[in-house]
Amino acid sequence: MLSRRGFLKAGGLSLFGVGLMGGIPGFLAEAAAREKTIKLFGKRKTLVCIFQRGAMDGLMAVTPFTDAYLKSARPNLFMSAASQQRTSPLIDLDGQFGLHPSMRAFEEAFREKRLAIVHGIGSPNNTRSHFDAQDYMESGTPFNKGTASGWLNRAVGLLGHDALTPFTAVSLTSAMPRSFYGDNPTVSISNLKDFAIQMRGNPSGANLAAKSFEDLYDQTASSLLQDTGKESFEALKLLQKTDLKNYTPANKVVYPTSSLGNSLKQVAQLIKMDVGMEVAFAESNGWDTHFNQGTDTGVFARNVADLSNSIMAFWKDLEAYQDQVTVMTMTEFGRTVHQNGTGGTDHGRASCNFILGNDVNGGLVHGQVQPLAPENLEDGRDLAVTTDFRSVFSTVAEHHLHIKDTNTLFPGWDGKQGVVMKNA
C-alpha cells in the first residue's frame with residue numbers, strides 16, 4: 001500500500017504504475033470510508049508562496065527614507081522619495097516608507113489596499129547562514145533542525161479534508177522544496193508542458209500506469225470510491241489534453257520571461273484548470289547582493305522588477321479568481337544596515353515581505369522599524385527582527401485557508417498572530 005507521500009511525491013507519475021497494482025492508496029480509501037468527497041473541478045482557496053532565496057535587502061525594497069542614520073550608513077546605496085536626486089525617486093507609500101522605483105507594478109495594488117507589506121520580519125534564530133535560515137523558515141521550527149516536515153506540507157494536512165487530486169500542493173521547481181517535505185501529498189513539477197509530454201510519451205510508464213489506474217476504479221465495487229478515484233484521474237487527463245504551450249493569459253497580460261514569471265504563469269494555468277490546487281510554491285533567486293548592489297539600476301533593481309512584475313502579471317491574469325488567491329513572499333533574512341566596501345550589503349537579520357489578495361489588510365506597512373541608530377540595531381549592525389515570521393504565516397494560513405491549528409502548523413510557537421489579513 002502506498003503512503004500519501006509515496007503516491008504523489010516529486011513529479012513521478014510513474015509511481016501510479018509502480019504502486020497501484022498493490023492496492024488502493026490509503027488516503028483514497030479513507031476518503032471513501034468517511035464519505036469526504038470534494039468536488040474536484042471547482043474554485044478553491046489557493047495560497048501561493050514565493051521564496052526569495054539569497055536574502056532580500058528589505059531596507060532597499062521598502063526604505064524608511066526619513067531615517068538619517070540609514071542615509072549616513074549607505075552613502076552610495078541610499079535612495080529617497082525626493083524628485084531632485086541622482087537616482088529615480090522612491091515611491092512614497094505613507095510619508096515614512098518608500099517603495100523601490102523598480103517595483104512600481106506594486107503601487108496600484110498597494111493604493112487599492114490589496115497589497116500589504118510587513119517590515120522587520122524574520123526568524124528568532126539569529127543564524128546568518130543561508131542554508132540554515134532557509135531550513136528553519138521552511139520547516140517552521142527556527143530552533144529545531146530535526147523537524148522532518150515543512151510547514152506547507154503540514155498545512156496540506158490541516159486543510160480539513162483529504163486531498164483527492166495530485167495537484168493539491170504543487171511546487172513549480174526542479175526539486176522538492178523543504179517547505180513541502182512530509183507525509184502529506186505534494187508534487188514538484190519544473191515545467192507543466194514537459195510533465196504532460198512525459199505522461200503522453202511513456203507507454204511503459206505513465207500511459208500504462210494510467211490505464212491500470214482507470215481499470216482499478218472501473219473494477220471497484222464501491223461507487224463512492226470509484227467516483228473519488230476517477231476525479232483524481234480526470235485531473236491528470238485534463239493536464240494531458242490542455243494546450244499548455246499556447247496558453248493565452250487574460251487581459252492581454254505579458255509575463256516576464258524569467259524563471260519566476262514562467263512559474264507563476266503555470267500556477268495560473270493550474271488554478272484556472274480547477275484541478276483542486278490549494279497550495280502553490282515558486283522561487284525567486286539571486287538576492288545575495290554582496291557587491292555592486294546598485295540603486296535604481298543594477299542587480300537589485302532587476303530582481304525587484306522581476307518580482308513585482310511577475311506577481312502583478314499573475315494577479316491580473318487571475319482576474320476572475322482573485323477572491324480565491326493570496327500571494328505571500330518570504331526570504332530567509334535581510335541585509336546589513338551599512339553598505340560594505342564593494343558596493344553591496346552583507347548578511348543581516350530582518351527584511352520585509354509582501355502579501356497580495358482581496359482578503360489582505362492592505363495599503364499599510366505593518367510591523368515595527370525603529371530608528372536605525374546604533375543602539376537600536378541587532379548586534380550593533382542589523383535591522384532588528386520585531387515580527388516573527390510564524391506570526392505572519394499563521395495569520396495568512398488561518399484567514400485564507402481556514403487552518404486554525406497553529407500548534408501543529410508551527411510546533412513550539414505560542415506567539416500572537418498579526419493583523420495582515422482583514423478581520424484578523
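Does Gly380 meet the test of being in contact with a Pro (Cβ under 7 Å, 6 or more places away or on another chain), farther than 20 Å from Gly140 by Cα and not polar (S, T, N, Q)? Spell out the reasoning first.
Details: in contact with a Pro (Cβ under 7 Å, 6 or more places away or on another chain): yes; farther than 20 Å from Gly140 by Cα: yes; not polar (S, T, N, Q): yes.
In short, yes.
Filtering region 71-101 down to residues that are over 28 Å from the mean Cα position of the chain (by Cα) and not in a loop (DSSP other than H, G, I, E, B), which residue is surrounded by the fewest Cβ atoms within 10 Å (Cβ to Cβ)? Let's see the steps before the verdict.
The initial filter retains those residues of region 71-101 that are over 28 Å from the mean Cα position of the chain (by Cα), namely 71-89, 95.
Those still in the list that are not in a loop (DSSP other than H, G, I, E, B) too: 71-73.
Numbers: Lys71: 16, Ser72: 11, Ala73: 20.
So the residue we want is Ser72.
If you go through region 356-375 and keep only what is within 20 Å of the chain's Cα centre (by Cα) and either of a type in the set (A, V, I, L, M, F, W, C) or in a loop (DSSP other than H, G, I, E, B) (or both), you end up with Leu356, Asn358, Asp359, Val360, Asn361, Gly362, Val365.
Rundown of residues vs (1) in contact (Cβ under 8 Å) with a residue 60 or more places away in the chain; (2) within 22 Å of Ala313 (Cβ to Cβ); (3) in contact with a Leu (Cβ under 7 Å, 6 or more places away or on another chain), yes/no style:
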residue	(1), (2), (3)
Phe97	yes, no, no
Ser102	yes, yes, no
Ile117	yes, yes, no
Ser123	yes, no, no
Phe143	yes, no, no
Ala148	no, no, no
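For region 156-164, the condition holds for no residue, the condition being that it is of a type in the set (D, E, K, R), crowded, with 16+ Cβ neighbours inside 10 Å, in contact with a helix residue (DSSP H, G or I) (Cβ under 9 Å, 6 or more places away or on another chain) and at pLDDT 95 or above.
Residue count for region 238-258 under the criterion of being under 13 Å from Ala268 (Cβ atoms), free of Cβ contacts under 8 Å to residues at least 24 places away in the same chain and outside any loop (DSSP other than H, G, I, E, B): the result is 0.
If the condition is being surrounded by fewer than 21 Cβ atoms within 10 Å (Cβ to Cβ), touching a residue at least 24 places away in the same chain (Cβ under 8 Å), of a type in the set (Val, Ile, Thr) and not in a loop (DSSP other than H, G, I, E, B), then region 381-413 contributes only Thr408.
Just checking, which of Ala282, Ala301 is touching a strand residue (DSSP E or B) at 6+ places or on another chain (Cβ under 7 Å) and surrounded by 19 or more Cβ atoms within 10 Å (Cβ to Cβ)? Let's see the steps before the verdict.
Working: Ala301 fails: touching a strand residue (DSSP E or B) at 6+ places or on another chain (Cβ under 7 Å).
Result: Ala282 is the single residue among Ala282, Ala301 that is touching a strand residue (DSSP E or B) at 6+ places or on another chain (Cβ under 7 Å) and surrounded by 19 or more Cβ atoms within 10 Å (Cβ to Cβ).
Of the residues making up region 332-354, not a single one is within 25 Å of Pro142 (Cβ to Cβ), surrounded by fewer than 20 Cβ atoms within 10 Å (Cβ to Cβ) and either under 16 Å from the mean Cα position of the chain (by Cα) or of a type in the set (A, V, I, L, M, F, W, C) (or both).
Within the option set Asp379, Asp346, Asp359, Asp388, being within 26 Å of Thr168 (Cβ to Cβ) and of a type in the set (D, E, K, R) holds for one residue only, Asp359.
The values are calculated or read from the model by the stated rules, or taken from the named source; none is laboratory data. Worth saying up front: this structure is predicted, and the values here are computed from it rather than measured. Backbone-built Cβ (ideal geometry, glycine too); neighbour counts: all protein chains shown.
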